[in-house]
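These notes are about the structure you will find just below.
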Amino acid sequence: MAKTIRRRGTRTGKKSAIQEEHSKRIGMKIILILTLPVLIFIITGISATLGSADLLIWDAYSAILHRIFPEYFYTTWLSDICVWHLRLPRIAWAITAGFGLGIAGAAMQAILRNPLASPFTLGISSGAAFGVSLAIVLNLGFFGGMWLIVGNAFIFAMLCSGLILGLASIRGATSEIMILCGIAMNYIFGAASSLFQYFASDQELRGMSFWGMGDLGAFSWEELRPVIVLIAIGSFVLMRKAWDLNVMTVGDETAKSLGVDSGRIRLIVMTASSLLIAGIVAFTGIIGFIGLVGPHMARMIIGADHRFLLPASGLLGGVILLGADTVGRTILAPIILPVGSMTSMLGVPFFLYLILKRRREYW
Amino acid sequence: MVMIKLETIDIVFSYDGHSGPPILDDVSIQLAPSRILGIVGPNGSGKSTLLKCIDRIIKPNHGSVLLDRREIMKMGRMEIAKKIGYVQQTISRGFPTSVFDTVLMGRRPHLNWRSDEEDDEKIWEVLRLLDIEDLALKYFGELSGGQQQKVLIARALAQEAEVILLDEPTSNLDILRQFEVMDIIRDLVNKKLVSAIIAIHDLNLASRYSDKIIMMKRGKIVSAGEPSYVLTADNIASVYGVEAVIRKQSEAPYIIPIGPIKTTIRKG
């Protein structure tokens, strides 16, 4: 019998060189993830200085920090109002929405094992857009007042993913079935929205198309709170499933043999991600690109281990959205360009650059 | 009494529920502890399907699988995963994963949410055992077929499985790699006291490495027993339709296929 099994290296005590290298890479990943909040903090400061009232970057930071550590930082009444009432809400919305879209996108790509999967290829945004058309054109919805549009967007987004989940659980929750159902939903809700557009007045059309471009400035702190809670809960659920997402990338049968019921995980993760996305999109309108490309960029930087990839995708989503919005507020100031367009215009060239530069296949 | 690690009793499986033609038809096998059971048979004879039924990746329409005399249909997914490892033939391509992370997946049944030092240490131990520590940080997709097969076996070991099911572990490998992989399995069975069921096309490898062989045709077991009992010219002729000469080579039968048996085409 050939001596195939040999013992090499030490059982206890010293680590081998490759083990050292492994630990170093893990450390690197953690450092990379920790730099993202720093980056967000820096862009926040820059973004808070931009606007009609001139503030220096130091004024902006001390206005922010004054409310957190009042003994150490001083600010003026004007800076405080400017930063906390006018600019920070928008910034906080950008970070929150970017984080939610990023983490949900990464989770969806994992369960569908498809690099093209994103909150929007699955028709969730079409569902939301249909709900909004219903609200704008027919004034028809589940709630009144300012919640008419938000409520409709949320409910129809969830209805759409509910249909996908329902079809998938009847026919077996494989990635192919979910993607096909998602595309079908995309078409049916898209078609229904077009019908509304056909009969809509000019003003109504304008309202619908503005909603489709995304806006971070429409709501304040008040409305942000429930969204943050929703994202915190959703992200927690997704993080708990990080291991299973790792295992699921090797295929359903192997996942099963490793103890992971892919179908069940797919339904749980899909539900959690849809809630996140619907909660965000209902308020901000459609912000594409981040849920698709944020996770891809994160994967290029940090690898496919979801324990690191999920938080990295979320944070990177926050960086991209905040960055894009900051640029969108600057270039034609005082006109604010729609953030949904800005993310794609700025992000896509960078993304293509990454694809061309990196040689390894990522999907 | 003979010890039995795992057995299947009258397994019936067909894809269209009970109506379709059976892929497995009353299959009963027994596997002793620390033994290798080879499953041979032509394409479509139900080898892979049998392995999947044993690991409950698919559910048989009828029959039972007993592991240490416990019905696995009544065990939880995670519980089965702690006992049975499955090395699949084709790997569906996902997002790229490093060798270390691939093997780490084997720890999933033993983990709750996060891995700790001890799990990491187990992975390194397994990688060293199979002599592939130096591949740890490479991407799985970059490896050669033989290396990939070793990584998948390493994952089953990290799983601490007592029974390892292997589906065509030597297909796509050159002859040296075929021996390497089979030697690893043999050593594991001898030293780590795991049991293995191997679905395999190569009759000579099956003959050389199996303690017992099962020969299947169209979902049924045609012959079962020691290699020299199963691998006969008659069996090979009736199951494969191939004329073969059997030689003895270091205690194991050695099969030399001559050619397809000419059959007269039936009319009507």
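The values are calculated or read from the model by the stated rules, or taken from the named source; none is laboratory data. Just so we're clear, the structure is a prediction, and the values are computed from it rather than from any experiment. Positions of Cβ are generated from backbone atoms using ideal geometry, with glycine treated the same way; all protein chains shown enter the neighbour counts. For the accessible areas, the whole protein counts, side chains as well, though only heavy atoms, and no ligand, DNA or RNA atoms are used. Shrake-Rupley method; radii C 1.70, N 1.55, O 1.52, S 1.80 Å.
Before moving on, here are some points about what is shown:
- Split the accessible area of chain A by element, probe 1.4 Å, and carbon with sulfur accounts for 69%.
- Relative contact order for chain A, counting Cα pairs under 8 Å that sit 6 or more residues apart, in percent: 26
- Dividing the summed helix terms, -39500 (n - 2.57) for each DSSP H run of n ≥ 4, by the number of residues in chain B produces a 222 nm estimate of -8500 deg cm²/dmol to the nearest 500.
- Panel note: contact residues of segment A:249-264 (accessible area lowered by at least 50 Å² against the chain on its own; 1.4 Å probe) correspond to A:Thr249, A:Val250, A:Glu253, A:Thr254, A:Lys256, A:Ser257, A:Leu258, A:Gly259.
- Remark: relative contact order (chain B) = 23 percent; criterion is Cα-Cα distance under 8 angstrom and separation of 6 or more residues.
- Between 0 and 90°, nearest 10: helix B:117-129 axis offset from chain B longest Cα axis: 40
- Global form of segment B:199-268, assessed from the alpha-carbon gyration tensor, a/c cut-off 1.5: oblate
- Global geometry of chain B, whether rounded, prolate or oblate, following the gyration tensor of its Cα atoms and the 1.5 cut on a/c: prolate
- Summarising the strand pairing of the protein assembly as shown, around 60 percent of its internal DSSP beta bridges are antiparallel.
- Point-charge dipole on Cβ atoms (K/R +1, D/E -1) for segment B:75-179, about Cα centre, debye to 20: 400
- Cleavage-rule hits, chymotrypsin sites (Phe, Trp or Tyr not before Pro), segment B:80-185, DSSP coil, Cβ neighbours within 10 Å at most 11: B:Trp113
- Set of segment B:138-176 residues, backbone N closer than 20 Å to the point 7 Å along the Cα-Cβ line of B:Glu125: B:151-164
- Gaussian network model of chain B, springs between alpha carbon atoms under 10 Å - residue of B:Ile185, B:Ile175, B:Ile221 with greatest fluctuation: B:Ile175
- Spread of Cα-to-Cα distances over 10 Å intervals beginning at zero, given as percent, for segment B:130-241: 12, 42, 31, 12, 3
- Summing charges over neighbours of B:Arg77, with a neighbour being any other residue whose Cβ is under 13 Å away from its Cβ, gives +2 when K and R count +1 and D and E count -1.
- Rounded D (µm²/s) - the protein assembly as shown, Kirkwood Rh over Cα pairs, Stokes-Einstein at 25 °C, 0.890 mPa s: 89
- Inter-site label distance for B:Thr232 and B:Lys138 at 7 Å from Cα along Cβ, in nm: 4.6
- Seen from B:Ser28, the other residues with C-beta closer than 12 Å to its C-beta sum to a net charge of -3, counting Lys and Arg as +1 and Asp and Glu as -1.
- Chains A and B together bury roughly 4700 Å² of accessible surface, counting both sides and using a 1.4 Å probe on protein heavy atoms.
- Its Cα gyration tensor gives segment A:62-144 an equivalent ellipsoid; the semi-axes, largest first and in whole Å, are 37, 22, 8.
- A cut-off under 15 angstrom between Cβ atoms defines the neighbours of A:Ile136, and their net charge, with Lys, Arg +1 and Asp, Glu -1, is -2.
- Rg and Dmax of segment A:283-348, based on Cα coordinates, read 12.8, 42 Å.
- Cα→Cβ-extended label distance, 7 Å offset, between B:Leu193 and B:Val222, nm: 3.7
- Exposed trypsin sites (Lys or Arg not before Pro) absent - longest run of chain B, DSSP non-H/G/I/E/B, at most 11 other C-beta within 10 Å: B:115-261
- Sparse-neighbourhood loop sites, trypsin sites (Lys or Arg not before Pro) in segment A:30-110 - DSSP loop, at most 14 other Cβ within 10 angstrom: A:Arg67
- Applying the Kirkwood pairwise sum to the alpha-carbon positions of segment A:95-357 produces a hydrodynamic radius of 18.5 angstrom.
- Per residue, the accessible area of the protein assembly as shown comes to 46 Å², computed with a 1.4 Å probe over protein heavy atoms only.
- By a 1.4 Å probe calculation restricted to protein chains, A:His22 has an accessible surface near 20 Å², given to the nearest 10.
- Each of A:Ile68 and A:Asp202 was given a label point 7 Å from its Cα along the Cα-to-Cβ line. The distance between the two points is 4.8 nm.
- Dipole of chain A [Lys/Arg +1, Asp/Glu -1 at C-beta], most positive-end residue of A:Gln197, A:Thr49, A:Ile179: A:Ile179
- Those residues of segment B:138-165 for which accessible area with every protein chain present is at least 10 Å² below the isolated value (1.4 Å probe): B:Tyr139, B:Glu142, B:Arg155, B:Gln159
- For segment B:200-268, the share of accessible area belonging to carbon and sulfur comes to 52 percent (1.4 Å probe, ligands and nucleic acids excluded).
- If you run the Gaussian network model on chain A, springs between alpha carbon atoms under 10 Å, then out of A:Gly328, A:Gly285, A:Gly27 the most flexible one is A:Gly27.
- Think of it as helices only: each DSSP H run of n ≥ 4 in chain A is worth -39500 (n - 2.57), and spread over all residues that comes to -24500 deg cm²/dmol at 222 nm.
- FRET efficiency for B:Tyr254 and B:Glu117, using Cβ-Cβ distance with R0 set to 51 Å, rounded to 0.05: 0.55
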